[in-house]
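Engineer: Have a look at this one.
The values are calculated or read from the model by the stated rules, or taken from the named source; none is laboratory data. As the structure is a computational prediction, the values presented were derived from the model and not from experiment. Reconstructed Cβ throughout: ideal geometry from the backbone, glycine too, with neighbour counts over all protein chains shown. The protein model used for the area step is the full one, side chains on, heavy atoms only, and it has no ligands, DNA or RNA in it. Shrake-Rupley method; radii C 1.70, N 1.55, O 1.52, S 1.80 Å.
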Amino acid sequence: MQKYRGRTHDYGKFHLTGLTQGALNTYKGFVDTVLANRDFRFFCCVAARDPADPVARFADPWTAYLKLFERLLIGAIRPG
């Protein structure tokens with residue numbers, strides 16, 4: 001993100017809801033910058049409400065998402 005912003009001086013926020021035809025070049029430039037770095041690693045967490053609703057399992061949305069992201073961080077940490 002810092003490399004892209006340093007190169008383009010685009011300091012706005014990146015949200016998928018902001019992905020429009022007019023903003024496509026901005027997002028493409030960011031992706032190209034990221035993929036040019038061989039050390040880049042990407043992790044994500046997708047919470048599907050069906051079939052196993054995490055909110056129902058943990059009683060409230062905040063606890064559910066904290067638990068999901070806790071698992072994401074544990075999975076992203078390199079051993080050693």
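Engineer: So which residues in segment 12-62 are open to solvent by 70 Å² or more (accessible area, probe 1.4 Å), among the hydrophobic types (A, V, I, L, M, F, W, C) and outside any helix (DSSP H, G or I), if there are any at all?
Structural biologist: Scanning segment 12-62 gives 19, 36, 40, 42, 43, 44, 46, 52, 59.
Engineer: Quick check on residue 32: is it of a type in the set (Asp, Glu) and within 28 Å of residue 78 (Cβ to Cβ)?
Structural biologist: yes
Engineer: For segment 1-11, give me the residue count where each residue is touching a residue at least 24 places away in the same chain (Cβ under 8 Å) and assigned to a helix (DSSP H, G or I).
Structural biologist: Keep residues of segment 1-11 that are touching a residue at least 24 places away in the same chain (Cβ under 8 Å), which gives 1, 3-4, 7.
Remaining after also requiring assigned to a helix (DSSP H, G or I): 3-4, 7.
The total comes to 3.
Engineer: I'd like the full set of residues that are of a type in the set (A, V, I, L, M, F, W, C), open to solvent by less than 90 Å² (accessible area, probe 1.4 Å) and over 14 Å from the mean Cα position of the chain (by Cα), limited to segment 63-80. So that I can check it myself, show each step before the final result.
Structural biologist: Narrowing segment 63-80 to residues of a type in the set (A, V, I, L, M, F, W, C): 64, 66, 68-69, 72-74, 76-77.
Restricting the remaining residues to those that are open to solvent by less than 90 Å² (accessible area, probe 1.4 Å) gives 64, 68, 72, 76.
If the condition is that a residue be of a type in the set (A, V, I, L, M, F, W, C), open to solvent by less than 90 Å² (accessible area, probe 1.4 Å) and over 14 Å from the mean Cα position of the chain (by Cα), then 64 is the only one that fits.
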